[in-house]
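One structure is given here, and the rest of the page talks about it.
The values are calculated or read from the model by the stated rules, or taken from the named source; none is laboratory data. Values in this document were obtained by computation on a predicted structure and should not be read as measured data. Reconstructed Cβ throughout: ideal geometry from the backbone, glycine too, with neighbour counts over all protein chains shown.
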Amino acid sequence: PASLEPRKRPVRANARASVDRILDAAAALLDESGFEALSTIRIAERAQVNIASLYSYFPNKHAVLSALSDRMAERQLASVRRSMSEYSDWRDALDSGLDAFVELVLVEPGFSALANAVRACPSLQPLADRSVDPIARLVAEGLRERGAGVAPQTARAIARVVVEAGAGVVNVARVSEPRERKRLIQELKVMIRSYLDHYLA
């Protein structure tokens, strides 16, 4: 299977800027023409970097998409964490965090196309877990901090259920028209609240 790991990680500011351009280019090309048409040559051309420079960081397009997925996950985690931290009540924190996640999903270049590629390409399947694990850990931490009387393993399982169920609905919502999207997200909030009430009420 194709490697998902980078050859090296950028250290200097100019190297980080080059890698960011590579990831930006990959996201744009995914949106324009999908995974099958994506190639390292096209990514390098769009990013305006030498192909040798791209290969010094990534062995193939799969590794580029892995890094893109990790960057998306980092942005999602930061946005959700920031939004949830503004509220002491877990229900308000949940609503705010979910709204932040949905907003980022809708505006993040390449998100939908990458999600489709992960579902369609077996070699990209590990990215599915890597993209939801950070949010699941955040939810598990929130459960323990807010007094859920459950063991750590149970908190992790509850968090995984919340995140996986939420991701499924959000994936449908992101391709729905705005009014239907709003209804779906509202019902998702009701569902998750009802589930967590059992542990946090």
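Closer than 15 Å to ARG174 by Cβ and modelled with pLDDT under 90: is that true of SER88 in this structure? Please lay out each step first, then the result.
Working: closer than 15 Å to ARG174 by Cβ: no; modelled with pLDDT under 90: yes.
Taking the combined requirement at face value, the residue does not satisfy it.
Just to be sure, is ALA157 surrounded by 15 or more Cβ atoms within 10 Å (Cβ to Cβ), out of contact with any Pro (no Cβ under 8 Å at 6 or more places or on another chain), hydrophobic (A, V, I, L, M, F, W, C) and part of a helix (DSSP H, G or I)? Reasoning before the result, please.
Details: surrounded by 15 or more Cβ atoms within 10 Å (Cβ to Cβ): no; out of contact with any Pro (no Cβ under 8 Å at 6 or more places or on another chain): yes; hydrophobic (A, V, I, L, M, F, W, C): yes; part of a helix (DSSP H, G or I): yes.
Taking the combined requirement at face value, the residue does not satisfy it.
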Of the conditions (1) modelled with pLDDT of 90 or more; (2) surrounded by fewer than 16 Cβ atoms within 10 Å (Cβ to Cβ); (3) farther than 20 Å from ALA155 by Cα, ARG119 fails just one. Which one is it? (1)
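Looking at segment 1-55 only, could you name the residues that are part of a helix (DSSP H, G or I) and among the hydroxyl-bearing types (Ser, Thr, Tyr)?
First pass over segment 1-55, keeping only residues part of a helix (DSSP H, G or I): 13-33, 40-47, 51-55.
Listed by number, the residues that qualify are SER18, SER33, THR40, SER53, TYR55.
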What single numbered condition from (1) over 17 Å from the mean Cα position of the chain (by Cα); (2) surrounded by 18 or more Cβ atoms within 10 Å (Cβ to Cβ); (3) among the hydroxyl-bearing types (Ser, Thr, Tyr); (4) under 22 Å from VAL190 (Cα atoms) fails to hold for SER83? (1)
Residue among LEU184, LEU196, LEU138 that is under 16 Å from GLU103 (Cα atoms) and part of a helix (DSSP H, G or I): LEU184
Just need a number here: residues in segment 156-201 that are of a type in the set (Ser, Thr, Tyr) and within 22 Å of GLU108 (Cβ to Cβ). 1
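Quick check on segment 168-176. Is at least one of its residues among the hydroxyl-bearing types (Ser, Thr, Tyr) and in a helix (DSSP H, G or I)? Spell out how you get there, then give the answer.
Looking only at segment 168-176, we keep the residues that are among the hydroxyl-bearing types (Ser, Thr, Tyr), and these are 176.
With the extra rule that they be in a helix (DSSP H, G or I), the set shrinks to none.
Scanning segment 168-176 turns up no residue that is among the hydroxyl-bearing types (Ser, Thr, Tyr) and in a helix (DSSP H, G or I).
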Could you say whether any residue in segment 92-107 is surrounded by 19 or more Cβ atoms within 10 Å (Cβ to Cβ), in contact (Cβ under 8 Å) with a residue 60 or more places away in the chain, among the aliphatic types (A, V, I, L, M) and closer than 20 Å to ILE158 by Cβ? yes
Among ARG130, ARG146, ARG179, ARG183, the single one that is over 20 Å from GLY34 (Cα atoms), surrounded by fewer than 16 Cβ atoms within 10 Å (Cβ to Cβ) and touching a Phe, Trp or Tyr at 6+ places or on another chain (Cβ under 8 Å) is ARG146
Filtering segment 22-58 down to residues that are surrounded by fewer than 17 Cβ atoms within 10 Å (Cβ to Cβ) and either acidic (Asp, Glu) or under 20 Å from the mean Cα position of the chain (by Cα) (or both) yields ALA28, ASP31, GLU32, GLY34, GLU36, GLU45
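Got a number for residues in segment 148-180 being hydrophobic (A, V, I, L, M, F, W, C) and within 16 Å of SER131 (Cβ to Cβ)?
7
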